[in-house]
Amino acid sequence: MPTTQRPIAPRSPRPVTFTLNGRPATFTVDPTVTLLDLLRERAGLPGTKKGCDRGQCGACTVLVNGRRTLSCLTLALALGGDEVVTVEGLADDGRLHAVQRAFIEHDAFQCGYCTPGQIMSAVAILAEGRARTDDEIREAMSGNICRCGAYPNIVAAIAAVRDAG
C-alpha cells in the first residue's frame, strides 16, 4: 500500500524580542535559525564563534538569563523575553570585565578562537560559585575545548578572578 506524504508546511518568519547585551532587540527570523547565526549574521556580533556547530566545543557559549548556553543548539525563537549576553556585552562603559582582563593578564589564549566561549563560561562558573578550587574550575570548564592547549593559563585567569573576590 503506497504511503501518502504530507506536504511540508512553509516556515513563516516570526518576530522574537529579547534583551541583547542590555538593550531590547527584535528580529524576524525563520523558526530554524539558531541564536548563533542570529548573533553573527543579523545582530552584527561576531564575537560568538561557530566551532563545531554541534554543541561539543563551547566556542559559541553565551549567557541566557545568566546561564551558560550553547548558542549553536538554541533556536532564536525560543528566547522571547529572555536576557542574552555575549562577549561583546561584558564590558561596562568601555571597561573590560574582570574575566576579560584576567585572560589578557594571564595570556589565557593562543589563537583566540575559543576565547569568547571560554570567557563566557568562566563568567558563569564564577557567578555560580563553581570555581572554589582549580580542580573545580577544570571540571566546570570541561565543555570548552581549546585546540591550542591554553588550559593552564585559562585556569590561572579564572582562579585570579576568584581569588580577587
Inset, instruction - Of the numbered conditions (1) without any contact (Cβ under 8 Å) to a residue 12 or more places away in the chain; (2) farther than 30 Å from V33 by Cα, I158 fails exactly one; give the number of that condition. - result: (1)
Legend entry - Residue under evaluation Q118, criteria (1) under 21 Å from L38 (Cβ atoms); (2) buried (at least 18 other Cβ atoms within 10 Å of the Cβ), criterion not met: (1)
Inset, instruction - Using the structure shown, decide if R68 is touching a strand residue (DSSP E or B) at 6+ places or on another chain (Cβ under 8 Å) and basic (K, R). - result: yes
Legend entry - Test result for A78, closer than 21 Å to Q100 by Cβ and either touching an Asp or Glu at 6+ places or on another chain (Cβ under 9 Å) or outside any strand (DSSP E or B) (or both): no
Inset, instruction - Filter the range 6-47 down to the residues that are polar (S, T, N, Q) and more than 17 Å from L90 (Cα to Cα), then identify the one that is nearest to the chain's Cα centre (by Cα). - result: T34
Inset, instruction - Would you check if A124 is touching a strand residue (DSSP E or B) at 6+ places or on another chain (Cβ under 7 Å) and either surrounded by 21 or more Cβ atoms within 10 Å (Cβ to Cβ) or assigned to a strand (DSSP E or B) (or both)? - result: yes
Inset, instruction - From the list P46, P13, pick out the single residue that is free of Cβ contacts under 8 Å to residues at least 24 places away in the same chain and closer than 25 Å to L126 by Cα. - result: P46
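Any read-out appearing in this document is the output of simple, stated calculations on the displayed coordinates, not a laboratory observation. Note that this is a predicted model, so its numbers are computed, not measured. We place every Cβ from the backbone using ideal geometry, glycine too, and count neighbours over all the protein chains shown.
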